[in-house]
Structures are given as structure tokens and as C-alpha cells.
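A.B. asks: I am attaching a structure below and will ask some questions about it afterwards.
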Amino acid sequence: MEAVPPGKRERNMKVAKFGGTSLADAGQILKVLEIVRADPDRRIIVVSAPGKRSKDDTKVTDLLIACAKAALERGEAEAELALVVHRFAGIGRELDLPSALLTEIEQDLRGRLSSDRSHKGLFTDAVKAAGEDYSARFAAAAFTRKGVPAAYACPREAGMVLSDEPGNAQVLPESYARLAALRGRPGVTIFPGFFGYTKAGRIVTFPRGGSDITGAILAAAVKADVYENFTDVDSVYSADPRIVPDARPIELLTYREMRELAYSGFGVFHDEAILPAVHANIPINIRNTNRPSAPGTMVVPERPAHTGGVVGISSSDGFCTLFLSKYLMNREIGFGRRLLQILEEEGLSYEHAPSGIDNTSVILRDHQFTPEKERHVVGRIRKELAADDVEVERGLALLMVVGEGMSHTVGLAARATRALAEAAVNIEMMNQGSSEISMMFGVKADDRKRAVKALYRAFFE
Ligand code: ASP
């Protein structure tokens with residue numbers, strides 16, 4: 001870290017992450033430039049790959065995934081590669097960047113596509129990560145050209161070391177000490193989001209939307225005063241505006257509230273990005289690139305005035321329930337452990353496990369519980385646990401009603417269940433008390449939007 005001369009206060013430092021729509025075209029990149037220029041504390045900038053320019057557009061990351069898929073299936077990806085190059089050529093032309101930059105990235109992408117394909121996951125990650133890498137190189141060149149000296153930072157050299165899990169990597173603790181050195185760099189540093197390197201030097205990516213995670217890791221590593229997360233909405237809203245168009249903006253959220261909301265459908269911020277900020281106690285400010293004057297939503301460790309009310313309602317589908325019953329299950333020592341062990345051995349992570357006396361259910365993400373896995377797991381449970389009945393129900397949505405201090409407020413559950421009953425939504429499952437700050441309801445996916453509207457009316461109108 002930069003040595004601070006005695007008597008001189010160390011400069012403030014902000015890490016600002018910009019999402020895909022903020023880098024979708026030259027006009028958007030210039031908005032990012034003005035935001036960075038407006039505040040000299042914004043010294044580390046994390047960028048996503050160019051996202052959608054309009055509703056029907058395709059994100060560069062999706063174009064790159066198509067490249068990797070074509071190369072794996074057909075042995076070449078010329079048509080797909082041309083689309084990526086075309087996208088960057090347009091941006092480069094409008095920003096008046098040297099053509100050598102485009103030649104460089106085209107050669108680089110060809111190199112990635114002709115690299116070793118023996119491990120499909122690693123191959124795909126190397127191709128998929130290119131969008132963020134080129135986005136950072138372009139932004140650094142554009143900033144410098146427009147009078148804001150900026151340098152691209154290579155995640156390998158900077159020390160973004162990740163676990164060996166393609167598409168689902170996690171940061172290794174040693175990264176933090178190495179990345180801390182970024183604080184001492186002069187000018188503006190532009191860091192590509194979404195990917196890092198394994199110890200063996202292979203590129204791996206975080207889950208989709210993972211540039212938020214990169215930003216949070218850097219903010220924690222350099223001990224930033226704030227982690228600004230610029231996206232394309234003014235703030236986080238108390239319900240999904242696609243379901244409740246006039247949902248209220250939220251000014252202040254706690255980490256715990258954000259975590260619960262991000263878990264079940266609040267797409268504005270990746271749920272895995274909260275942890276690094278929490279550990280380092282860094283406030284997160286979610287803001288809009290298209291309206292930088294809006295204060296956005298602050299996510300902080302604690303809310304000073306404890307209101308105890310509901311702050312948000314989130315929802316997400318894509319869950320299923322594995323339901324088991326066995327008479328006298330409550331007396332059978334080790335039943336729960338053996339059930340969870342089967343799931344562990346089958347590589348399945350579980351989300352929730354509400355249980356009764358002679359029955360228990362486990363909620364899983366639908367996508368990981370393929371019909372083949374289902375047959376296998378159900379067979380094992382019947383045989384190894386001698387369950388009386390095992391059933392799987394698909395098409396489940398989870399709703400979360402979230403707010404600090406909810407557990408101390410009388411009558412909230414009654415209000416929620418009444419609202420759902422009045423909207424004729426059947427509650428498949430309910431979980432209150434496991435978390436102090438939320439209530440969870442399982443409903444049929446078809447009822448999800450109706451349920452969110454009903455809960456919103458009950459708590460906010
Ligand atoms: N570009 C990546 C994605 O589309 C990562 C990100 O934007 O955060 O998932």
C-alpha cells in the first residue's frame with residue numbers, strides 16, 4: 001500500500017463498478033467517463049462487458065458464450081466471432097480509438113478460441129471472460145484520450161486468484177493482500193470484472209452477473225470508503241417494478257436486508273457480492289449511470305433508526321420441493337443427516353429444509369435437480385432411508401418479505417397470510433423465525449406475480 005507521509009491524510013478512495021448497460025455503446029462509455037471525472041476519489045473502476053443497447057439486443061457475454069459453444073460443437077466459430085468484433089469495432093469507431101486496439105482484441109479472441117478445448121468449462125470461461133477484458137481495455141483507452149489518464153489492470157498480475165470452479169469460482173483469501181496494492185496506483189485504474197485466475201494460471205469466471213463480486217472484492221482489498229455500483233435504475237425498489245410499476249424506492253438498506261432481497265429475485269445486485277463488503281464494513285451505494293444526480297440506495301451495516309417495518313418484497317421462481325414422509329421420523333436419530341448426506345454425495349446444494357414430525361421437505365434449485373438426478377436421488381432415499389413416501393413438486397416460487405426488526409413486530413405474518421388468502425394464492429410452504437429479518441412463502445410459480453402485488457398492497461399502500 002502507498003506510504004502516507006506523516007501529517008498528510010490519506011486520500012479517500014471509491015471503487016465504482018459499472019454494469020453492462022453502462023458500457024453498451026460509445027455514448028454510455030462517455031457517461032461513465034463524466035461520472036469518473038466528476039469525483040477524483042473514483043480511482044478504481046470495474047467494468048462489465050458491453051450489455052444490451054435495447055431490449056432485443058444481445059449482451060457481449062452471450063455472444064461470447066455462443067462463440068465457445070460453436071467452437072466446441074463445430075470446431076470453428078467464424079460467424080459468432082464476427083459479431084463480437086463488429087460490436088467492439090462500432091464502439092472503437094465512435095470513440096475514435098486506434099484501429100490497432102481492435103486488431104489486438106480480434107487476435108486475442110482467435111487465440112482463446114483455438115486454445116486447448118479438452119476441458120469444456122475452462123475453455124468456455126476463457127472465451128466468456130474476454131468481454132470484460134476488452135471492455136476494460138477500450139474504456140482505459142477512451143478515458144486517456146479524453147483527458148482522464150487511465151490504465152487497464154490485468155487481473156492475473158494484480159492477484160485476483162480464484163478457486164478452480166469454472167463458471168462458479170470463488171475468491172481465494174490470499175487475493176486480498178495482493179489486490180491491496182492497487183490503492184497505490186496513480187491515476188484511474190480500470191479493472192475488468194467477472195473473472196480471475198486459478199493458482200495454475202487458468203481463467204475462471206464468477207457466476208453470471210459476477211462483475212458485482214469483482215467490485216466488492218476490490219473495495220474490500222483497498223479498504224475503499226464506499227463501493228459504488230452503477231447500474232441502469234435509480235435505486236433498489238421495494239418490489240420488482242416489472243410487477244409493481246409504482247414500487248417505492250428504498251434509500252437505506254442493511255447488508256442483511258440486501259442479502260435476503262438479492263437472494264430471491266432482486267436482480268440489481270449479485271447476492272455473492274455482499275459478503276466481501278460486509279467483512280470489510282464498506283457501505284455499498286447502488287446508483288444510476290443514466291442519472292448520476294440521483295442518490296441511489298445506500299446499503300450499510302445497520303439502520304440507525306429502527307423502524308421494524310417491511311422494506312421490501314422479493315420473489316423468484318425456479319425452485320422445487322423434495323418431500324419425504326416416514327412414520328416416527330422424529331424418533332429416528334441421524335435421519336436428517338443421512339438425507340442431507342445423500343444430497344451432498346449427489347452434488348446438490350439445498351436452499352431450505354422446513355420439517356414436520358413425520359415429514360420433512362427440502363427445497364432445491366430446479367435447474368440442478370434434473371429429471372435424471374431426481375430418479376436417482378428418489379431411488380436412494382427410498383432404499384437407504386426406507387421412507388414411506390417421496391415426492392417431488394416442481395414449479396415453486398419463493399416470496400420473501402424482508403425488514404430488520406420484523407421478528408419483534410406483532411401481526412406481520414397475519415397481514416401477509418390474509419393478503420395472500422384474499423388474492424386466492426395458496427401457500428405451499430411458510431417459514432418464519434429461521435431468519436429474524438424475513439418471512440418466506442412458497443407458492444406455485446403461476447401465482448407469483450399476483451402474490452407479490454397482494455403483499456405489496458398489504459405492506460406499502
Ligand atoms: N458480463 C457478465 C454477465 O453478463 C458479468 C457481468 O456483467 O457482471 O453475466
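The values are calculated or read from the model by the stated rules, or taken from the named source; none is laboratory data. Here the structure is a predicted model, which means the values were calculated and not measured. Cβ sites come from the backbone with ideal geometry, for glycine too, and all protein chains shown count toward neighbours. SASA here: full protein model, heavy atoms, side chains in, ligands and nucleic acids out. Shrake-Rupley method; radii C 1.70, N 1.55, O 1.52, S 1.80 Å.
A.B. asks: Once you put a point 7 Å from the Cα of C154 and another 7 Å from the Cα of L83, both along the Cβ direction, what distance in nm separates them?
C.D. replies: 3.0 nm
A.B. asks: Further question on the same structure: Enter the accessible area per residue of the stretch 418-461 (Å², integer; probe 1.4 Å; all protein chains in place).
C.D. replies: For the stretch 418-461, the per-residue accessible area is 51 Å².
A.B. asks: When only C-alpha pairs under 8 Å and at least 6 residues apart count, what is the relative contact order of the stretch 267-319, in percent?
C.D. replies: 24 percent
A.B. asks: May I pose another question? Once R0 is set to 45 Å, what does the formula 1/(1 + (r/R0)^6) return for the Cβ-Cβ distance between E384 and S54, expressed as a FRET efficiency to the nearest 0.05?
C.D. replies: Rounded to the nearest 0.05, the efficiency is 0.30.
A.B. asks: If you don't mind, there's one more thing I want to ask. Any idea of the accessible area per residue across the stretch 118-275, 1.4 Å probe, to the nearest Å²?
C.D. replies: 36 Å²
A.B. asks: Quick one: putting +1 on the C-beta of Lys and Arg, -1 on the C-beta of Asp and Glu, what dipole do you get for the chain around its Cα centre, in Debye to the nearest 20?
C.D. replies: About 880 debye.
A.B. asks: Report the gain in length on full extension from A100 to D164: 0.36 nm times residue separation, minus Cα-Cα distance, nm rounded to one decimal.
C.D. replies: Result for the pair: 19.7 nm of gain on full extension.
A.B. asks: Counting pairs of alpha carbon atoms under 8 Å apart in space and at least six apart in sequence, what relative contact order in percent does the stretch 165-267 give?
C.D. replies: Computed over the stretch 165-267, the figure is 22 percent.
A.B. asks: Here's a follow-up. Give the Rg (one decimal place) followed by the Dmax (whole number) of the stretch 375-418, computed from C-alpha coordinates and expressed in Å.
C.D. replies: When restricted to Cα atoms, the stretch 375-418 yields Rg and Dmax of 18.2, 45 Å.
A.B. asks: Carbon and sulfur together cover what percent of the accessible area of the stretch 19-104 at a 1.4 Å probe radius?
C.D. replies: It is 54 percent, rounded to a whole number.
A.B. asks: Additional query: Given 10 °C and 1.306 mPa s, how large is the Stokes-Einstein diffusion coefficient of the chain in µm²/s, with Rh as the Kirkwood radius over Cα pairs?
C.D. replies: 66 µm²/s
A.B. asks: At each listed q (0.13 Å⁻¹), what is the log10 of I(q)/I(0) that the Debye formula gives for the stretch 224-337 modelled as equal alpha-carbon point scatterers?
C.D. replies: So the normalised log intensities work out to -0.58.
A.B. asks: Using a 7 Å offset from Cα along Cα-Cβ at S435, what residues in the stretch 264-302 end up with backbone N under 12 Å from the label point?
C.D. replies: 264-266, 271
A.B. asks: Can you tell me the relative contact order of the chain? Whole percent, Cα pairs under 8 Å, sequence separation 6 or more.
C.D. replies: Once divided by the residue count of the chain, the mean separation gives 13 percent.
A.B. asks: Which one, I363, A424, A445, is farthest towards the positive end of the dipole of the stretch 347-449 when Lys and Arg carry +1 and Asp and Glu -1 on their Cβ?
C.D. replies: A445
A.B. asks: Helix 130-145 against the longest principal axis of the chain: what's the angle in degrees, Cα atoms only, rounded to the nearest 10?
C.D. replies: 40 degrees
A.B. asks: If DNA, RNA and ligands are ignored and the probe is 1.4 Å, what is the ranking of Y237, Y350 by accessible area, most exposed first?
C.D. replies: Result of the area sort, largest leading: Y350, Y237.
A.B. asks: Using the beta-carbon distance between S407 and D39 and R0 = 35 Å, what value does 1/(1 + (r/R0)^6) give for FRET efficiency, to the nearest 0.05?
C.D. replies: 0.35
A.B. asks: Quick one: what Rg and Dmax do you get for the stretch 334-461 from the alpha carbons, in Å?
C.D. replies: Over the stretch 334-461's Cα set, Rg and Dmax evaluate to 16.7, 51 Å.
A.B. asks: What ratio of Cα Rg to 2.2 N^0.38 Å holds for the stretch 33-103?
C.D. replies: For the stretch 33-103, the normalised Cα radius of gyration comes out at 1.39.
A.B. asks: Given the chain, what percent of its DSSP beta bridges are antiparallel, to the nearest 5?
C.D. replies: Bridges in the chain that DSSP calls antiparallel: roughly 60 percent.
A.B. asks: Over the stretch 392-461, what percent of the accessible surface lies on carbon and sulfur atoms, probe 1.4 Å?
C.D. replies: Ligands and nucleic acids excluded, carbon and sulfur reach 47 percent.
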